[in-house]
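Written out below as structure tokens is the structure these notes cover.
None of the figures in this text is laboratory data; all of them are computed from the coordinates on show. Note that this is a predicted model, so its numbers are computed, not measured. Note that each Cβ is placed from the backbone with ideal geometry, even for glycine, and that neighbours are counted across all protein chains shown.
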Amino acid sequence: MQDGRLKILSATVLSVVAFLSVAGAVAVLAWWLLFTPRHRGIRNPRAVLFFLAILCATAVVVQVTAGGGVTYLFRMTVVVLLAAWYHGARKSGELLEVAVSLFGTRAGFDLGLLAEMAARSLDLLLADLGMMQIAWQMKGTPRRLETLTPALALLLHRQLQQSGEQASLLALRGYTGGGSLCPALAFPRRDLPAACSVLLAVAITLAVPL
Amino acid sequence: MRVSLRDVEVRRGEWALSADGVFGEGRHLVTGPVGSGKSTLALLLAGIAVPERGVVIRERVGALLLSLPFPEHHSTGACVGEEIASWGVAEEPILAAAGLAGRSREALFRLSRGELKRLHLACVLARRWDLLLLDEPYTALDCPGREALSAQLSAPPAATTVIFTHARESLPRVDRLWEIREGRLVDLGPVREAIPLWSSPPAYLRIAREKGATPANISVQDVREALCRTDG
């Protein structure tokens, strides 16, 4: 999928569809298998496994306390796969362009800029975590809570510092709100089957009450 | 103690790096512009990155140390003293070497990046190694810090030390020069023969070359001595 607007719209709609029902999750899984590069499109498989491990633990608790843990796990796994696809398929600057094209150069620009900065922070955080793992391996540091906590605190401190520097930079460049941007978004014809299939997934969810 | 790269190639989309060569005992300097692949090469030599083609062979390398550009990535202690202890080295000499005497209980995030880098390098250089890979060791250091590091790295080690840097202000004495040119690692050879072949030398070395001086090595001290000899 090439069109940034369709990408974000598909990810949002399909996430809701997958979460609402098992039938919807099956339809979204089929969509993920058909229209994404599947496991090859996942930029950070370790992060996905981490989220799946948390989901498994939550599903066990849900199953024991209220029931329905298995379906919860299935629906949420599909949502995570969808999120992993979007994270890998997103191009730098795309969120800003989509937000400006949808909401204009005032609110849209602010919203897009915020989204871009958040996405960039997430990328930096993942890169930092990867580097930390390498460094700990070299240092021979055991991964215990007492070593993880100060390391993660330092990482958080670094993120806050970077945010402060970014805010200063924006202020220095005269940013007070809004901005000019001409989004260069196109709708290629080859995105049509994937886009229509999103509607099909919504229809399946509404038609099959599971 | 040596690392050999045989017909190695790494690809990331359009970007590629190919390398062939042997990093034997002694000090090696690998230079190249930002984004040329120095960090990737360091990860390859450390066995962390895997090449798409070719092999990396490490011989008689027991203790391997890789220092990453950002010292925060290595930090696991809550305070300076804990961080030093996590490296398994004695506290007092490290505090003195890093210019942090009396600050053992200070929280790590209270240090500036330069101080954290000094602390990290002091811990790394206090350890024993067979293969030491220093990726951008001069990052975040001020001029005196850079000169002190160059002096420390100039001492001949009984091991293999590879320094990856794009820094030009101060460099240590080394045994062999390498350069990444257009996606390829080029072995320029032993330092004396390599200096005239170096395409991106530091300004002080370029000026010395233009004046006809032939320094024995690439440190500022060596170049100063060579210029004195040339000037008579």
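Hey, got a sec? Which GluC sites (Glu not before Pro) in the range A:79-186 land in a DSSP loop and have at most 15 other Cβ atoms within 10 Å? Numbers along the way, then the final one.
Working: sites: A:94, A:97, A:116, A:146, A:165; in loops: none.
Nothing satisfies the criteria.
By DSSP, what percent of the beta bridges with both residues in the protein assembly as shown are antiparallel, rounded to the nearest 5?
Numbers: 21 of 41 bridges.
Here the share of antiparallel DSSP bridges comes out near 50 percent.
Please give the calculated 222 nm ellipticity per residue for chain A, where each DSSP H segment of at least 4 residues contributes -39500 (n - 2.57) and the sum is spread over every residue; nearest 500 deg cm²/dmol?
Details: 8 runs with 158 residues, N = 210.
Mean residue ellipticity, 222 nm, calculated: -26000 deg cm²/dmol.
By the gyration tensor of its Cα atoms, with a ≥ b ≥ c the square roots of the eigenvalues, what is the shape of chain B: rounded for a/c under 1.5, prolate for a/b over b/c, or oblate?
It comes out oblate by the Cα gyration axes.
With only Lys, Arg, Asp and Glu charged, each at its Cβ (+1 for the first two, -1 for the last two), find how big the charge dipole of the range B:71-127 is about the Cα centre; round to the nearest 20 debye. Each step should come with its number before you reach the end.
Details: 7 positive and 7 negative charges, 33 e Å.
About 160 debye.
Which three semi-axes in whole Å describe the equivalent ellipsoid of the protein assembly as shown, each the square root of 5 times a Cα gyration tensor eigenvalue, listed largest first? Each step should come with its number before you reach the end.
Details: eigenvalues 463, 137, 106 Å².
One finds semi-axes of 48, 26, 23 Å for the protein assembly as shown.
Going by a ≥ b ≥ c, the root eigenvalues of the Cα gyration tensor, does the range A:48-134 fall in the rounded group (a/c under 1.5), the prolate group (a/b larger than b/c) or the oblate group?
Working: a/c = 3.13, a/b = 1.71, b/c = 1.83.
The shape class here is oblate.
Please label the shape of the range B:71-127 as rounded, prolate or oblate, based on the square roots a ≥ b ≥ c of the eigenvalues of the alpha-carbon gyration tensor (a/c under 1.5 means rounded; beyond that, a/b larger than b/c means prolate, else oblate). Can you show the working numbers first?
Working: a/c = 1.24, a/b = 1.14, b/c = 1.09.
It comes out rounded by the Cα gyration axes.
Could you please report the charge total around residue B:1, scoring K, R as +1 and D, E as -1 over all other residues with beta-carbon less than 9 angstrom from its beta-carbon? Kindly include the intermediate steps, with their values, before the conclusion.
On the way: positive: B:2, B:58, B:60; negative: B:25, B:59, B:130.
After counting each charged neighbour, the total is 0.
When the dipole is taken about the Cα centre of the range B:1-110, and only Lys, Arg (+1) and Asp, Glu (-1) are charged at their Cβ, what size is it in debye, to the nearest 20?
Working: 12 positive and 13 negative charges, 35 e Å.
Here the range B:1-110 has a charge dipole of around 160 debye.
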